Amino acid sequence: MGCVNQVLILILISLSALFFSTSTAQDFKCNTPGRCSALVGYSPHNTTTISDILNLFNIKNLRNVLGANDLPLNTSRNHTVEAKQTIKIPISCLCSNGTGVVYNGPEYTVKKDDGLYFIASEVFAGLVVYQKIQSANKITNADLIDIGQNLTIPLPCSCDDVDGDNKVVHYAHVVQTDSTLESIAKQFGTNEDTLKKINDIADDSQLIADRSIDVPLKACNSSIKSESPDNGLRVANGTYVFTANNCVKCRCDSASSPTLQCEQTQLKLASPKWEKCPAMQCEGSESLSIGNSTKIGCSQTTCTYAGYTNQTILTVTTVDTLTTCSNPPNIASRIGSSWSVLFISSIHLIPLFLHLFQ
């Protein structure tokens, strides 16, 4: 009888800890209409492969994951991912009722001995809590799920700008044991106040290990027009993406430029609707194409990707003043300098003329 009581006490303690740890889990705030690009950080509990990760998160295109992790394009689907190694997973985010959730995200098929808590904490490594899975799938009793049942996994995300108009890619980061707001901010190039604000966190005591929080990653500015299907495209610093049916590759490297750098690719088209990639020539310029630039004096004109419609690539030209260019003196200063030299030279010639006419 004593052993039974001890077991019951342990179960109650476990359930109590589970309740308090998950009840404080926060939704990601999201009030921006439409869809956007977002990321989640997946750290598998066991060694796996990129192929298995693609299947788990319902990602068809290997290049999407390679770009999000800045991996070489020749990286194989069978590439090994070690246990606890973090892989960034690109997702499409949709705002609804003030919070963000993945759009057309992963579905998980229940296996023998699975439970909602196990699926949330082990299979998806804490990116989502089991109550969110229960709610998304309208499950009345969390203890009653069927083998073979398909579950929608509501990964958290956001599309909101941060600190005014700063463009970011929101990243669902699973908090590690002993993490602090300071260490997370330093790791991802943000600040503590921003993390507190967007996550409604007052201090480190509200960080929960193995639960996800919203971390804004710096993104490059772009010139993509509103009528383009990829107008919600945001690329985090240190990553690249493919767009316009694989015809264009865009990379963000904020250390070299705050603007998205795009170029034409030679990849196979993603959709048979296009016979080939359209012309990348810049509108109004016969000499420039996407990614190219020309310098005239202290100005640099660049042909920039601005999206696509049907089978047309949209472009804009941007003109920047080169900071490394020394501005030549203006005409007035050159004339003034010449007259000064002439006047000084004339003064020196006066004694010579007086000597000659003595």
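Take Pro272 and tell me if it is exposed (fewer than 12 other Cβ atoms within 10 Å of the Cβ) and out of contact with any Leu (no Cβ under 9 Å at 6 or more places or on another chain). So Pro272 fits the description; yes. For the residues Leu217, Leu144, Leu195, Leu127, the requirement of being more than 28 Å from Ser256 (Cα to Cα) and either at pLDDT 95 or above or of a type in the set (D, E, K, R) (or both) singles out Leu127. Scanning segment 229-249 for residues that are part of a loop (DSSP other than H, G, I, E, B) and touching a strand residue (DSSP E or B) at 6+ places or on another chain (Cβ under 9 Å) yields Pro229, Asp230, Asn231, Gly232, Leu233, Arg234, Val235, Asn237, Gly238, Ala244, Asn245, Cys247. Among the residues of segment 101-141, which ones are free of Cβ contacts under 8 Å to residues at least 60 places away in the same chain and of a type in the set (Asp, Glu)? Answer for segment 101-141, where residues must be free of Cβ contacts under 8 Å to residues at least 60 places away in the same chain and of a type in the set (Asp, Glu): Glu107, Asp113, Asp114.
Can you tell me how many residues in segment 46-69 are loosely packed, with under 14 Cβ neighbours inside 10 Å and either farther than 20 Å from Pro154 by Cα or not assigned by TED's automatic domain parsing to the domain that holds Cys157 (or both)? Residues that pass the stated criteria total 3. Considering every residue within segment 88-100, establish whether at least one is under 15 Å from Ala172 (Cα atoms), in contact with an Asp or Glu (Cβ under 6 Å, 6 or more places away or on another chain) and either surrounded by fewer than 17 Cβ atoms within 10 Å (Cβ to Cβ) or in contact (Cβ under 8 Å) with a residue 12 or more places away in the chain (or both). Looking through segment 88-100, at least one residue is under 15 Å from Ala172 (Cα atoms), in contact with an Asp or Glu (Cβ under 6 Å, 6 or more places away or on another chain) and either surrounded by fewer than 17 Cβ atoms within 10 Å (Cβ to Cβ) or in contact (Cβ under 8 Å) with a residue 12 or more places away in the chain (or both). Quick check: is even one residue across segment 216-227 under 24 Å from Lys276 (Cβ atoms), surrounded by 21 or more Cβ atoms within 10 Å (Cβ to Cβ) and outside the structural domain of Met280 (by TED's automatic domain parsing)? Checked against the condition, which is being under 24 Å from Lys276 (Cβ atoms), surrounded by 21 or more Cβ atoms within 10 Å (Cβ to Cβ) and outside the structural domain of Met280 (by TED's automatic domain parsing), segment 216-227 yields at least one hit.
Going by the structure shown, is Leu144 touching a residue at least 24 places away in the same chain (Cβ under 8 Å) and among the hydrophobic types (A, V, I, L, M, F, W, C)? The answer is no for Leu144. For segment 300-317, the count of residues that are at pLDDT below 85 and over 25 Å from Thr243 (Cα atoms) is at least one. Looking only at residues that are in a loop (DSSP other than H, G, I, E, B) and over 16 Å from the mean Cα position of the chain (by Cα) in segment 250-271, which one is farthest from Leu73 (Cα to Cα)? Looking at the filtered set, the residue picked out is Ser256. Each residue in segment 202-228 was checked for being in a loop (DSSP other than H, G, I, E, B) and touching a residue at least 24 places away in the same chain (Cβ under 8 Å), and 12 of them qualify.
The values are calculated or read from the model by the stated rules, or taken from the named source; none is laboratory data. Because the structure is a prediction, the values reported are computed rather than measured. All Cβ positions, glycine included, derive from the backbone under ideal geometry; neighbour counts span all protein chains shown.
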